């Protein structure tokens, strides 16, 4: 392998992934603003043309999503499991640039369409897949050897996650922890180059602002760490509830006897209804999380929002429509953390600063319980909140979540999802 040429390819992977994912994020930002204005105005005055436009959108978006998820199954769900399987030689993504470029286009349009409808998805799943497919395309175009292609796919996946959150270190750690089995210097350099390049591009477009800007005044005292252990158990149980709820909705979706091409009409219609009556439950959950984190609400209200957001997010995820999970789970974890923080402060006289601390802990620990990726979860939350002084409590919490998850026999989301996809998609070709 020509080292200089390989690093040049990684640079191109970073640049192209940056262009694609930045385009994806900009489109979503503009569409989300339009959606908010549209549904606010709709409550004031509903016209015949508004209703006609909604019906047309439901039909067209449902047919499009049904078509691409049936004909191109690699676009289903977040797609991260497929990237992992491709790198591990379990599934062959595609053999030509024509196929890869088609998948990139369909995933981009499909992800934008799904989030535009109001379903509860994150941006990172499609971003990771878009980056991986960009790496595959460059590998095919340059006639790279199979081993080098795997490096480029991993490099692109890391760049995609980095671009989604402006979090280069998270992109690197995620690839090392979740995608790669065998770590080598070329693999690490491929990830390092692409994530560094793409981060410079996203910083230029979106700035250095974090997703959540916390002003942490204090950290949890060592003698109070037992409350972290208790919270770790609670978040693990919440993760277990997620899997039970996901299984329920998947079985419910299987009982819907509609042709695959129009099957998304059910979730899209539900999403429009939720957007009209409960707009802040839709999308990633970033808006409602910020609203709840930085404002005062009663415990009963927070519990209702937590349950509603969890149910709607899990239902959205069970539809196999293109979308991610990180930000919705981060938002749900933040709400759970605020509830726990309020309880221990109000009823057990802990310091008020613990509320913010457990909001941050909730973001990381819930992700850990579902993805079983403790290092990625800790690093991501530190990067998007700037809560560096909570690194040790986060690490302690994730260790206990991993322990409790093992006791409860919880499988990582990507592994369990991939098994279901493989079982239901007959036209995926396994490698020998």
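Evaluate the following for residue 172: is it part of a helix (DSSP H, G or I), without any contact (Cβ under 8 Å) to a residue 24 or more places away in the chain, touching a helix residue (DSSP H, G or I) at 6+ places or on another chain (Cβ under 8 Å) and in the same structural domain as residue 104 (by TED's automatic domain parsing)?
Numbers: part of a helix (DSSP H, G or I): yes; without any contact (Cβ under 8 Å) to a residue 24 or more places away in the chain: yes; touching a helix residue (DSSP H, G or I) at 6+ places or on another chain (Cβ under 8 Å): yes; in the same structural domain as residue 104 (by TED's automatic domain parsing): yes.
So residue 172 fits the description; yes.
Name the residues in region 226-264 that are farther than 22 Å from residue 320 by Cα, over 27 Å from the mean Cα position of the chain (by Cα) and surrounded by fewer than 14 Cβ atoms within 10 Å (Cβ to Cβ), would you?
The initial filter retains those residues of region 226-264 that are farther than 22 Å from residue 320 by Cα, namely 226-237.
If we keep only those that are over 27 Å from the mean Cα position of the chain (by Cα) too, we end up with 226-227.
Listed by number, the list holds a single entry, 226.
Test residue 77 against the criterion of being assigned to a helix (DSSP H, G or I), in the same structural domain as residue 143 (by TED's automatic domain parsing), modelled with pLDDT under 90 and touching a helix residue (DSSP H, G or I) at 6+ places or on another chain (Cβ under 8 Å), and give yes or no. It is false that residue 77 is assigned to a helix (DSSP H, G or I), in the same structural domain as residue 143 (by TED's automatic domain parsing), modelled with pLDDT under 90 and touching a helix residue (DSSP H, G or I) at 6+ places or on another chain (Cβ under 8 Å).
Screening 155, 142, 194 for residues that are modelled with pLDDT of 85 or more, surrounded by fewer than 22 Cβ atoms within 10 Å (Cβ to Cβ) and assigned by TED's automatic domain parsing to the domain that holds residue 104 leaves exactly one candidate, 142.
On the given criteria, is residue 68 at pLDDT 90 or above, touching a helix residue (DSSP H, G or I) at 6+ places or on another chain (Cβ under 9 Å) and surrounded by 12 or more Cβ atoms within 10 Å (Cβ to Cβ)?
Spelling it out, it is not the case that residue 68 is at pLDDT 90 or above, touching a helix residue (DSSP H, G or I) at 6+ places or on another chain (Cβ under 9 Å) and surrounded by 12 or more Cβ atoms within 10 Å (Cβ to Cβ).
With a requirement of 1 or more residues that are at pLDDT 85 or above, under 27 Å from residue 54 (Cα atoms) and touching a helix residue (DSSP H, G or I) at 6+ places or on another chain (Cβ under 7 Å), the helices (runs of 4 or more DSSP H) lying completely within region 244-349 that satisfy it span 265-277, 299-317, 326-348.
In this structure, residue 326 qualifies as surrounded by 16 or more Cβ atoms within 10 Å (Cβ to Cβ) and touching a strand residue (DSSP E or B) at 6+ places or on another chain (Cβ under 7 Å). Candidates 377, 406, 364: the one that is free of Cβ contacts under 8 Å to residues at least 24 places away in the same chain and crowded, with 24+ Cβ neighbours inside 10 Å is 377.
The values are calculated or read from the model by the stated rules, or taken from the named source; none is laboratory data. Because the structure is a prediction, the values reported are computed rather than measured. Positions of Cβ are backbone-derived with ideal geometry, glycine not excepted, and every protein chain shown enters the neighbour counts.
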